[in-house]
Each structure stands twice: as structure tokens, then as C-alpha cells.
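*Asks:* One structure is given below, represented as C-alpha cells, and several questions about it will come after.
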Amino acid sequence: MNGFPFAIVGFDLDGTLVDTLGDLAAAVNHALAQMDRAPLSEAAVRPMIGRGARHMLEQGLIATGGAPDGAVERLYPELLRFYEAHIAVQSHPFPGAIAALDRLDALGVRTAVVTNKVEMLARQLLGELGLADRMATIIGGNTLGPGGAKPSPAPIRAMIERCGGGRAAFVGDSIFDVQAARGADVLSVAVGFGFLDGPAETLGADHVIGHFDELVPLLGEL
């Protein structure tokens, strides 16, 4: 690995590797429209992202008048259908992400995605963006079954096992990413450009970067 100190670098998906805000907000608003709710702005949806689509939908309902019994269960499949059909209309990698992946590839580092998005949708999104084949493994919020999503450390440990072991770092934009990495005894890097509801410095990560250009130099010095 040319002396690079990490064998594996994992990434959260939404708000870390890929800016998915526009398409997620559109899916939430499509579901809300089924109940004649007013649409939410992207800024309002942003802090709802990170614990999976069901949580995002529930928060969207609460923000627009409440979540009646059965509403989440009824609207969740509709949200997923819409999102699957419009998954990469506006979504795109964050600036510098592709270059960082290229640099890690050149160093022989195995890269992976660990997300709370349903694995099927994560693979579809990464595939449409041309990133799926670059990942040694893709672990979704449902991959390991109940209780196996972040902030549990289980998916980070699974990432390391699937990538063949070695020193790992994990890059994310939420407290769930930091907690999962810490629980797996993995170095955490928070991004300052993600779907944050406060400064990245408050997440408790080991390091914070403001642009992907900073990632490989940072890790190379550790």
C-alpha cells in the first residue's frame, strides 16, 4: 500500500459521499402530498436524513401536522417507489469525492460504503453514479437485520471483515457515524459539508475535514 497507514476507508453515503438532498426531499414531499400536506423545503428535510427513509418520512409527517397511526406504514412504500424511480435526478458526489477515491485506489486502499439507506437503494444509487463497482463492499441499514444499522458498530465491523481486515477509518456526517466508528474502535472523520444540524466539530469525531481534498493527506499523516 505504498506505506499508507490505512487498509480500509469506509464512507457514509447520504450527506458524505453523495449529495442526495434534492432527491430525498422530493421523495418526502411526494409522500406528504398523498396526505395533502404542504411540501417541505430542502433545508427542513436536511436534518431528517441519516437514520433511513422511514425515520425521514416520520419526521416529515411530524413537521407538517403530525404522524397519525398507520400513516408511516401506508406512505413508506409510496415514498420508496417514487425515490427508486427518481434516485439520481439531482444526486451527485460531493466535490473532490471522486478524486479522493482515485487516490485511495492508487494507494491500494479498499473503500466501502456503510449507510442506513436500504441496501438495494444504496446499490442502485451508487450504480447509477458509476461508483458501485469501486466499493469492496456496500452495507445498508437492513443488510445485517434488526439492530444492525448505525449507530450500532456492527456494520463497521462487518465492513472490516468483508474487506479482509486491517486498520480502518470511517468518514461520515452524523453522530450515528461517529458513534458507530467509535464502537468499532475505528478512526472517525466528520465532513463539514454534509447534512448537519450543527457544526461538524460538535460530533466528537477524531478529525474534521471541510473538503475531500483534505482526506487522503490527513489519513496519510496518521
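*Asks:* Tell me whether the stretch 149-205 comes out rounded, prolate or oblate; compute the Cα gyration tensor, take square roots of the eigenvalues as a ≥ b ≥ c, and use a/c under 1.5 as the rounded threshold.
*Replies:* The shape class here is prolate.
*Asks:* Name the residues of the stretch 48-66 whose amide N is less than 11 Å from a point 7 angstrom out from the Cα of residue 85 along the C-beta direction?
*Replies:* Flagged as within label range: none.
*Asks:* Full-extension gain between residue 43 and residue 128, please, as 0.36 nm times their residue separation minus the C-alpha to C-alpha distance.
*Replies:* 28.1 nm
*Asks:* By how many nm would the segment from residue 69 to residue 211 grow when fully extended, if each residue of separation counts as 0.36 nm and the alpha-carbon distance is taken off?
*Replies:* That pair, residue 69 and residue 211, stretches by 46.9 nm at full extension.
*Asks:* If you take the Cα Rg of the chain and divide it by 2.2 N^0.38 Å, with N the number of residues, what do you get?
*Replies:* Rounded to two decimals, the normalised Rg is 0.99.
*Asks:* Now a separate question. By how many degrees, between 0 and 90 and to the nearest 10, does the Cα long axis of helix 119-128 differ from the longest principal axis of the chain?
*Replies:* For helix 119-128, the angle is close to 70 degrees.
*Asks:* Classify the stretch 69-156: rounded, prolate or oblate, from the alpha-carbon gyration tensor (a ≥ b ≥ c, eigenvalue square roots; a/c under 1.5 rounded; otherwise prolate if a/b is larger than b/c)?
*Replies:* oblate
*Asks:* Additional query: If you place +1 on the Cβ of every Lys and Arg and -1 on the Cβ of every Asp and Glu, how big does the dipole about the Cα centre of the chain come out, in debye to the nearest 20?
*Replies:* For the chain, the charge dipole is close to 460 debye.
*Asks:* Could you tell me how many degrees, from 0 to 90 and to the nearest 10, lie between the Cα long axis of helix 71-85 and the main elongation axis, the longest principal axis, of the Cα atoms of the chain?
*Replies:* Value to nearest ten degrees: 60.
*Asks:* Mind checking which of 92, 52, 82 is farthest towards the positive end of the stretch 1-128's charge dipole, using Cβ charges of +1 (Lys, Arg) and -1 (Asp, Glu) about the Cα centre?
*Replies:* 52
*Asks:* Shifting gears a bit: For the stretch 117-222, what class follows from the C-alpha gyration tensor (a ≥ b ≥ c being the square roots of its eigenvalues): rounded when a/c is under 1.5, otherwise prolate if a/b is larger than b/c, else oblate? Don't skip to the answer; put the middle values down first.
*Replies:* Working: a/c = 1.36, a/b = 1.29, b/c = 1.05.
It is rounded, given that a/c, with a ≥ b ≥ c, falls under 1.5.
*Asks:* P(r) of the stretch 1-113 in 10 Å steps, Cα pairs, percent per bin?
*Replies:* Reading upward from the zero bin: 14, 39, 23, 15, 8, 1.
*Asks:* For residue 78 and residue 167, calculate 0.36 nm times their separation in residues minus their Cα-Cα distance, and state this gained length in nm to one decimal.
*Replies:* 28.0 nm
Each reported figure results from applying straightforward, stated rules to the coordinates on display, with no laboratory input. These numbers come from a predicted model, not from an experiment. Every residue, glycine among them, receives a Cβ derived from its backbone with ideal geometry; neighbour counts consider all protein chains shown.
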